[in-house]
Amino acid sequence: MPATTASAPGKVILFGEHAVVYGQPAIAVPVNKVQARAVVAARPGQQGIQITAPDISLNKTIKDLPLDHAISRAIHLTLEALGVSEPPAFAIKITSTIPLASGLGSGAAVSVAVVRAVSQFLGRQLPAETVNQITFETEKIHHGTPSGIDNTVITFNRPVYFIKDRPIETIEIKQPFTIVIGDTGKPSPTAIAVGDVRKNYQENPGKYQALFDACGKIAGNARWSIEEYRLQSLGPLMNDNHNLLVEMGVSSPELDRLVAAAREAGAMGAKLSGGGRGGNMIALTLPDKAYKIAGALLSAGANNTIITEVRP
Ligand code: MEV
């Protein structure tokens, strides 16, 4: 059996994180400058499935991993979807340039790459909907109660306007636009931020429902601004969304500092992106200011920046 390779992009949430868990719309786009990659190769004369992922110091057979380990779960669900009960021995090596626990979708990207590489190795491509469903199951291990936005944008590798439990809607990007991503360098597991928001919502449903509704309204307006290429209105919507996330309690001094630095350097708008508390923020900019903004983010403490175009 020939070796197979599959890759999947990272992602950023442009609008609506957290509120999306409560049924509000959100907008996410793939980031192809960072990728997770899985390579599957036969192990002639050996038995079992060997998994290596040097980034997380993993080198084990699948039998030695708990069933609720996200990578082992992705492989088991792939075998189940293919109807393969006794797979041939193979080794899978996973690498990724997506920083871990930083809001860029590393868990979902690893899962999508694993599912695709394993199913191709076994001679059958699974439909995108099945890849998405399996990755959603692994997201439950990472996130607890995921909305499904990360697995969807990464599986389909297209900008999405996402509402939980609704059919997938892609967004028409009239004209590409530039964003700068700044990494605080502070890992922050999404499950913790999502769990805290849930606790706060239960303690103060009125306040949190109003915050979620306001985020949903912003995501709706942002979709229109993107489809009409109205960057002048998109930037302020990002700022408004960031303020709501601050009120929700998911920002951090590092994120606020990078958001302020981006705006001072000429960004049209900026906000945290993903689970928050650490991880990444994004800034909207005209292309000619992107390097200046990236420089300002590094000076304000970012440990990495990515300049990327949002395109159809
Ligand atoms: C994580 O990328 C986005 C959150 O809204 C969680 C989710 O939607 O599953 C924080």
Has region 114-122 got at least one residue that is more than 25 Å from ILE306 (Cβ to Cβ) and either within 16 Å of the ligand (Cβ to nearest atom) or among the polar types (S, T, N, Q) (or both)?
yes
Residue ID - surrounded by the fewest Cβ atoms within 10 Å (Cβ to Cβ), chosen from residues in region 9-52 that are of a type in the set (A, V, I, L, M, F, W, C) and more than 29 Å from ASP183 (Cβ to Cβ):
ALA42
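A quick yes/no check of all residues on (1) of a type in the set (Val, Ile, Thr); (2) buried (at least 17 other Cβ atoms within 10 Å of the Cβ); (3) at pLDDT below 95:
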| site | (1), (2), (3) |
| --- | --- |
| GLN125 | no, no, yes |
| ILE149 | yes, yes, no |
| GLU203 | no, no, no |
| TYR208 | no, yes, no |
Here are some residues: VAL21, VAL29, VAL12. Which one is within 16 Å of the ligand (Cβ to nearest atom), within 28 Å of GLY276 (Cβ to Cβ), outside any strand (DSSP E or B) and among the β-branched types (Val, Ile, Thr)?
VAL21
Report those helices (runs of 4 or more DSSP H) wholly inside region 62-146 carrying at least 1 residues which are farther than 22 Å from ILE181 by Cβ and acidic (Asp, Glu).
70-82, 128-143
Go through (1) crowded, with 17+ Cβ neighbours inside 10 Å; (2) in contact with a Leu (Cβ under 9 Å, 6 or more places away or on another chain); (3) not in a strand (DSSP E or B) for THR178 and report which single condition fails.
(3)
Does LEU100 satisfy being surrounded by fewer than 18 Cβ atoms within 10 Å (Cβ to Cβ) and within 16 Å of the ligand (Cβ to nearest atom)?
yes
Expected single match for crowded, with 22+ Cβ neighbours inside 10 Å, within 16 Å of the ligand (Cβ to nearest atom), of a type outside the set (D, E, K, R) and modelled with pLDDT of 95 or more among GLY269, GLY278 is GLY278
Could you give every pair whose Cβ atoms fall below 9 Å, whose first residue belongs to region 29-44 and is in contact (Cβ under 8 Å) with a residue 60 or more places away in the chain and under 10 Å from LYS11 (Cα atoms), and whose second residue is among the charged types (D, E, K, R) and in a strand (DSSP E or B), counting only separations of at least 6 or pairs across chains?
VAL29/LYS11; PRO30/LYS11; VAL31/LYS11
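The values are calculated or read from the model by the stated rules, or taken from the named source; none is laboratory data. In this text the structure is predicted, and so the values were computed from the model without any measurement. Backbone-built Cβ (ideal geometry, glycine too); neighbour counts: all protein chains shown.
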